1. Could you give every pair whose Cβ atoms fall below 6 Å, whose first residue belongs to the stretch 296-318 and is touching a residue at least 24 places away in the same chain (Cβ under 8 Å) and under 30 Å from Tyr261 (Cα atoms), and whose second residue is aromatic (Phe, Trp, Tyr) and buried (at least 19 other Cβ atoms within 10 Å of the Cβ), counting only separations of at least 6 or pairs across chains?
2. Quick one: would you say Leu330 is under 18 Å from the mean Cα position of the chain (by Cα) and either crowded, with 16+ Cβ neighbours inside 10 Å or over 18 Å from His102 (Cα atoms) (or both)?
3. Kindly provide the set of residues from the stretch 116-172 that are acidic (Asp, Glu) and farther than 22 Å from Lys327 by Cβ, ordered by number.
4. May I ask you to verify whether Val85 is at pLDDT below 95 and of a type in the set (Val, Ile, Thr)?
5. So, in the stretch 265-309, exactly how many residues are part of a loop (DSSP other than H, G, I, E, B), among the small types (Gly, Ala, Ser) and surrounded by fewer than 17 Cβ atoms within 10 Å (Cβ to Cβ)?
6. So which pairs qualify, if the first residue must be in the stretch 103-115 and farther than 19 Å from Gly185 by Cα and in contact (Cβ under 8 Å) with a residue 24 or more places away in the chain, the second must be of a type in the set (Ser, Thr, Tyr) and part of a loop (DSSP other than H, G, I, E, B), the Cβ gap must be under 6 Å, and the two must be at least 6 apart or on different chains?
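The values are calculated or read from the model by the stated rules, or taken from the named source; none is laboratory data. These numbers were taken from a predicted model, which means no experiment stands behind them. Glycine gets a Cβ as well: all are built from the backbone with ideal geometry, and neighbour counts include every protein chain shown.
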Amino acid sequence: MRFHPVLPAALLVSSLLGPVQAAAPASRQFPDASASPLSIVNMRKRSYPGSALTVRQTLKAGSNYKRYVVSYLSDGLRINALLTVPNGTPPKGGWPAIVFNHGYIPPEEYRTTERYVAYQDAFARAGYVTLKSDYRGHGSSQGEAVGGYYDPGYTVDVLNAAASLRKDQRVNASRLGLWGHSMGGSLSLRAMVVEPDWFKAGVIWAGVVAPYNLLQTAWKRGPGAEYIPPNAKRRGAQLIEKYGTAAQNPTFWQAVSPNSYLKDLKAPLQLHQGTADVEVPPTFHQALERGLKAAGKPYTAYVYPGDNHNLSRNLSTALQRSVTFFKGHL
């Protein structure tokens, strides 16, 4: 069954800046990044133990795989997730696995078994264990929804999902990858620079993967873009009020941006972007490409002329390219 979800983009940042974009007074002193849990250095100091995956519900099976709603622990919170496990005997060492990171969906609208069905199915049918987390505050997951760019919480949930897979006996911990769309692409990139030894490959579709100076100035969403509720912008406004904008305080925003740590990546990336994306501008994809080239890191990039944020016109092709990429690296 072909499924084309309508997936809201990640947060619009430029719309929340307002008066804080004005030049900071010369006498103002901003806190440095050493106090921020969002900084890459501080995120690397944390531990991400994950937990056993607890089955909450057994779902109707896929064509050649089993499906479950499971939960795991992250920051002491119960996080739900959709788990797929291939049928049959696992290969020696366990199944390869993909941490599957969805894009922005208003948390109050989010449901574990809705949207991304065809996306996750493509990897499950190809013989991968997949785990799609309901980030904190989404669906029945505990905790507060905090947004993906100005708080580390969702990335912590992603890393604890990865840790939970790494300790699962069905999974080969040395064959772990990440797939992310939109906001999930941002979370994937951040996770890969925080714990570079964990992941062997990453795939990003229409990702919010630009440095913060572009996020805060160049995020212009086009006609027909999904509505972003005001409460989704609150965390960003608070952080900008405290630390200033990327123009006012570039040292801080570089310290919290995964783009500043691309040299530490140990896994190749595959990137996908539609040129008619009204949610996340193709310039973000281009910015990550420039960063990867400068860091000398391997990547493959596909651009789809005229396609949208979900790559709806090229969905089968993009999924097949993603599956093939994982087969070559996991």
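1. Taking only residues 6 or more apart or on different chains, the pairs are Leu311/Tyr304.
2. For Leu330, the condition - under 18 Å from the mean Cα position of the chain (by Cα) and either crowded, with 16+ Cβ neighbours inside 10 Å or over 18 Å from His102 (Cα atoms) (or both) - is not met.
3. Listed by number, the residues that qualify are Asp134, Glu144, Asp151, Asp157.
4. Judged against the criteria, Val85 is not a match.
5. 3
6. Final answer for the pair search is none.
Conditions tested, residue by residue: (1) modelled with pLDDT of 95 or more; (2) assigned to a loop (DSSP other than H, G, I, E, B); (3) over 22 Å from Leu311 (Cβ atoms).
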position: Asn172; (1), (2), (3): yes, no, yes
position: Leu176; (1), (2), (3): yes, no, yes
position: Ser186; (1), (2), (3): yes, no, no
position: Met192; (1), (2), (3): yes, no, no
position: Ile228; (1), (2), (3): no, yes, no
position: Ala232; (1), (2), (3): no, no, yes
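Rundown of residues vs (1) over 27 Å from Ser47 (Cβ atoms); (2) crowded, with 23+ Cβ neighbours inside 10 Å, yes/no style:
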| residue | (1), (2) |
| --- | --- |
| Leu165 | no, yes |
| Val171 | no, yes |
| Gly180 | no, yes |
| Ser188 | no, yes |
| Asp197 | no, no |
| Trp205 | yes, yes |
| Gly222 | yes, no |
| Ala225 | yes, no |
| Lys233 | yes, no |
